[in-house]
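One structure below.
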Amino acid sequence: MAESEQSKETGRFEVKADVPSHFAWLRTRMSMERTLMSWVRTATALIGFGFTIFQFLHRFNQTPGIRPAEHPWTPWVLGLALIGTGIVALTIAVWEYRSLVRYLWEKDFKPIAGVDEFAHHTPVVAVSVVLILIGIFAFAAVLLREP
C-alpha cells in the first residue's frame with residue numbers, strides 16, 4: 001500500500017502509542033498551560049496599568065493649584081484602551097487554548113493522551129475567566145466616569 005493511501009485510511013499521520021510520544025504530548029499540553037499563564041500575566045498588567053493610569057492622571061488633573069490639562073479626556077481614553085486590550089487579548093488566548101485542548105484530545109491522540117475519556121482542565125481557565133470579568137468591571141468603571 002502506498003504511503004499516501006495509508007495516511008488517508010489512518011488520518012493525517014500515524015500516532016505511536018509509546019512512552020516518548022506520551023511525554024511529547026504532555027510537554028505540548030504543559031506548554032499550552034504556560035502560554036495561557038503568560039497571557040494571564042500580560043492581561044493582568046494591561047488591565048491594572050490601564051486602571052491605574054486613569055485613576056492617577058484623572059486625580060492629578062483635579063489637584064488644586066495644577067493648571068488644567070489641555071486634553072482632560074486623554075487618561076480616560078488611554079485607560080479604556082489598555083483595559084480593553086487586556087480583555088480582548090485574554091479572551092482570544094482562552095479561546096485559542098480551548099481549541100488546542102480539544103485538538104489534543106481528538107481520537108487520533110487518545111492512545112497517547114492518557115487513560116481518561118475526557119480532557120482535564122486546570123485552574124488557569126477559571127482564573128482567566130475571573131480576570132476577564134474583573135477587566136469588564138474595570139472597563140465599565142472607567143467608561144462611566146467623567147473624562
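The values are calculated or read from the model by the stated rules, or taken from the named source; none is laboratory data. Treat the numbers as computed from the prediction; the structure is a model and nothing was measured. Quick reminder, even Gly has a Cβ in these numbers, built from the backbone with ideal geometry, and neighbours come from all protein chains shown. Calculation scope for accessible area: heavy atoms of the full protein, side chains included, ligands and nucleic acids excluded. Shrake-Rupley method; radii C 1.70, N 1.55, O 1.52, S 1.80 Å.
Couple of notes before you dig in:
- Checked against the criteria, Gly86 counts as closer than 27 Å to Met32 by Cβ, open to solvent by less than 40 Å² (accessible area, probe 1.4 Å), in contact with a helix residue (DSSP H, G or I) (Cβ under 8 Å, 6 or more places away or on another chain) and without any contact (Cβ under 8 Å) to a residue 60 or more places away in the chain.
- In the set Thr35, Thr63, only one residue is open to solvent by 50 Å² or more (accessible area, probe 1.4 Å) and over 13 Å from the mean Cα position of the chain (by Cα); that residue is Thr63.
- Residues that are at pLDDT 75 or above and closer than 30 Å to Asp18 by Cβ were ranked within the stretch 114-142; the one that is surrounded by the most Cβ atoms within 10 Å (Cβ to Cβ) is Val124.
- Residue under evaluation Leu104, criteria (1) open to solvent by 40 Å² or more (accessible area, probe 1.4 Å); (2) farther than 20 Å from Ile47 by Cα, criterion not met: (1)
- Remark: pairs (first residue in the stretch 98-121, more than 11 Å from Val15 (Cβ to Cβ) and acidic (Asp, Glu); second residue part of a helix (DSSP H, G or I) and modelled with pLDDT of 75 or more; Cβ separation under 9 Å; 6+ apart in sequence or on different chains) = Glu117/Lys110.
- Test result for Trp76, part of a helix (DSSP H, G or I), touching a Pro at 6+ places or on another chain (Cβ under 7 Å) and either more than 17 Å from Trp39 (Cα to Cα) or open to solvent by 80 Å² or more (accessible area, probe 1.4 Å) (or both): yes
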